[in-house]
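Below is one structure, written out as C-alpha cells; comments come after it.
Taken together, the values in this text are just the output of simple stated rules run on the coordinates, not laboratory data. Note that this is a predicted model, so its numbers are computed, not measured. With ideal geometry, Cβ positions are generated from the backbone for all residues, glycine too; neighbour counts draw on all protein chains shown.
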C-alpha cells in the first residue's frame, strides 16, 4: 500500500538491504539486519521501535555520520552509500534534528538559523538574515532572534532547530526522537507546530520515536521496527487525512489504529526489556 | 554603568555580610594580638607531654600575640604607601605575572587547540607534556636561573610555567569535550574544516579558556612570590628594594619589620583578587551565552 500522494517530487529515499554490524571488542553486534524501506517524496515516515533497537543507527547511516556494513541507500537516484562506499558525506540535503537539540549555544537563535545558507554560500549574510527572520516569524517565533538558545524553553529550542534545518532547503529532515525530553502537554503543542511547518514546507520527514501515539498522529505511514537487529516488522498506512489537528487524538479511527499496532510495539518493547537494552 | 553596578553591590545584603565577617575577623585578630598568651599555662599543662612529643616547648607554643595587630599593620602600611620601593615592588611583581601569564596564554591556547585537533601532535607532544607537568614550577628555579640570561627572564619563565600547564590542560579538555552533535550539525550544513575550527571548536572551547586562565592567574601569583624570594628579588641590586612583593616580604623578614611582612602578604592578596576579578569580568564579556543559563 502506497502512502497518500504528495505534491513533492524531491526527497525520495530508498533503503536497500542495509546491514550494520558493530564490531567492537571482538563481539559483533548486528544493529540493522537486511533492512529495506522506501520513503516517498514529501512523506512523513514514522519509525517506531523500543529504545536502543538500532533505528538511530539507520538514521546516522542516511545522514552520513556512520558507515554501513552492506546494502545501499539511494536518495533521488543518487547513491548515498553502499557496500563499496560505506559512508556518505553529510550534506545540507539531509538535516538531522537531534534528540537533545544541537543548536550552537554560543550563537543567537538568528545566527543559528542563518548558519547553513551562509556556510554553503547560497545566500549573502543580509539575505539570510531576512529569510531567517521571515522563517522564524512563520513558525510563530518572532522576538526570539537575539536570544541565546540557552535562554529559551526546550520547546522553543526544538522549533528553532527545525527552522534552522529548513533554512538549508533540505530534501529530507531526519528527526531523532526530538520531543523525547518534553512533557506531554508541550509535546502535543509541538506536534501541531511541526505539522504546520510541514504544510508550508513539504519535505520528506524521517521521524524516529518510541511513542506510538506520536507516530500515528503525525505520520502518513508508521513503520514498526523489530528490536536488535533492527528491520521493519509491520507497516501501517495512516488513513486519517491531512491536515490534522489535535482533535484527531480523540477520533475513533485514531484509537482503532492504535489498537491495530499496539501489540506489535508491545511485543518488541518486551523483547528489548528482556534483552536488557540500555535506554537511549 | 560601573556606577550602576557599584550601586547594586552596595545595596546587596550579601555584600554587607561579607564586610561584617571581615570586620569580626579583624577585631578577633586585634584582641588576639594584644593578649599576652593565647591560653592560660595551667590549661595546657596537662597536654605538655603530648605537645612536647610533636616538638612544642612550653614557651614556643604558637600564639597570636606574636603577630602584629591589624592596627599596627595599618600604621605600617600608611607609612609604606609613601615609599617608592613599595610601589616598585607592586610594579615588578605585576610586570612578571603579566609577562608570564600572557606568554602562557599566547603559547598555551594554540598549543592546547592543536593537541585537541591533531592526533599526531597528541602522540608526539602529549607524553612529554605529561612528564613535565607534575614538576612544580618552583623546582625549575635553579635550572631556569642557569638557563636564562637574566634573572628577570628566569622569574618570568617560572610564572609562565605556573599558568601554562593549567591553560593547556583546560583548553585541551574543553575542546575535546565539545558535543559531537555540534560537529555533525555543522558538517551537514556545509562547513569546511576551517569553518568548524573557527565557528565550533573556538567558541566551544572559550568557556574552558576562561576557567583555565582564571585558575592559571591564581597559580601565577603563588609562584611569582616564591620565585622572587628564592632568587633574591631579581634586579634588586640595581633598583634598590624594588624586587617585587615576594622580595618585599622577605626583606621585611630579614629586616625584622613584622608589620611589613603582613603588609606584603595582604598586598599580594589584593593583587591576586584584582587580577582574577579582571579576568572574570573579561571572561563574562567573552562568553555572553553562559549568562543565559
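Listed values, structure above:
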{"read-out": "Euclidean distance between Cα centres, segment A:101-154 to segment B:87-129, Å", "value": "36"}
{"read-out": "Order of B:11, B:159, A:226 - criterion: other Cβ atoms within 10 Å of each residue's Cβ, fewest first", "value": "B:11, A:226, B:159"}
{"read-out": "Two-site label geometry, residue B:266 and residue B:146: point separation in nm, points 7 Å out along Cα→Cβ", "value": "4.2"}
{"read-out": "At R0 = 41 Å, FRET efficiency that the Cβ-Cβ distance of residue B:133 and residue A:24 yields, to 0.05", "value": "0.85"}
{"read-out": "Within a Gaussian network of chain A (alpha carbon springs, distance under 10 Å), most fluctuating of A:172, A:28, A:134", "value": "A:28"}
{"read-out": "Peptide-level mean, for A:95-108, of C-beta atoms on other protein chains within 10 Å", "value": "5"}
{"read-out": "Gyration tensor over alpha-carbon atoms, segment B:70-292, equivalent ellipsoid semi-axes in Å", "value": "40, 20, 12"}
{"read-out": "Equivalent-ellipsoid semi-axes of the protein assembly as shown, from the Cα gyration tensor, Å, largest first", "value": "65, 27, 25"}
{"read-out": "Degrees separating the helix B:13-34 axis from the principal Cα axis of chain B, which is the longest one", "value": "30"}
{"read-out": "Sorted by Cβ neighbour density within 10 Å, fewest at the top, the residues B:129, B:147", "value": "B:147, B:129"}
{"read-out": "Relative packing of B:207-216, A:46-55, which averages over residues the other C-beta atoms within 10 Å, highest first", "value": "A:46-55, B:207-216"}
{"read-out": "Shielding by partners - mean other protein chain Cβ count within 10 Å, residues of B:190-197", "value": "3"}
{"read-out": "Protection proxy ranking of A:262-274, B:101-113 - average other beta-carbon atoms within 10 Å, highest first", "value": "B:101-113, A:262-274"}
{"read-out": "Structure-based [θ]222 nm, the protein assembly as shown - -39500 (n - 2.57) summed over DSSP H runs of at least 4, per residue, nearest 500", "value": "-17500 deg cm²/dmol"}
{"read-out": "With Cα atoms, 0 to 90° folded angle of helix B:70-81 axis to chain B main axis", "value": "70"}
{"read-out": "Alpha carbon Rg of segment A:94-169, scaled by the compact-globule rule 2.2 N^0.38 Å", "value": "0.97"}
{"read-out": "Neighbouring partner chain Cβ atoms per residue of B:176-188, average, 10 Å criterion", "value": "6"}
{"read-out": "Taking the convex hull of Cα positions in segment B:110-162, its mean projected area over all directions (nm²)", "value": "4.2"}
{"read-out": "Hull-based mean projected area of segment A:1-83, where the convex hull spans the alpha carbons, in square nanometres", "value": "6.1"}
{"read-out": "Cα Rg, Dmax, segment A:101-238, angstrom units", "value": "15.9, 48"}
{"read-out": "Alpha-carbon radius of gyration plus Dmax, which is the widest Cα pair, for segment A:209-254 in Å", "value": "11.8, 36"}
{"read-out": "Modelled FRET efficiency - R0 22 Å, residue A:130 with residue B:286, Cβ distances, 0.05 increments", "value": "0.15"}
{"read-out": "Residue-span extension gain [residue B:195 to residue B:28] - 0.36 nm each, minus C-alpha spacing", "value": "54.2 nm"}
{"read-out": "Relative exposure of B:198, B:96, A:133, B:5, judged by other C-beta atoms within 10 Å (fewest first)", "value": "B:5, B:198, A:133, B:96"}
{"read-out": "Peptides B:24-31, B:266-273 ordered by average Cβ neighbours within 10 Å, highest first", "value": "B:266-273, B:24-31"}
{"read-out": "Equivalent ellipsoid semi-axes, chain A, via Cα gyration tensor eigenvalues times 5, rooted, Å", "value": "29, 23, 18"}
{"read-out": "Extension reserve of the residue A:33-residue A:76 stretch, reckoned as 0.36 nm per residue once the Cα distance is removed", "value": "13.1 nm"}
{"read-out": "Using distinct alpha-carbon pairs, which all enter the 1/r mean, Kirkwood radius of segment A:10-53 in Å", "value": "12.4"}
{"read-out": "Rounded tilt (10° steps) of B:2-11 against the dominant C-alpha axis of chain B", "value": "50"}
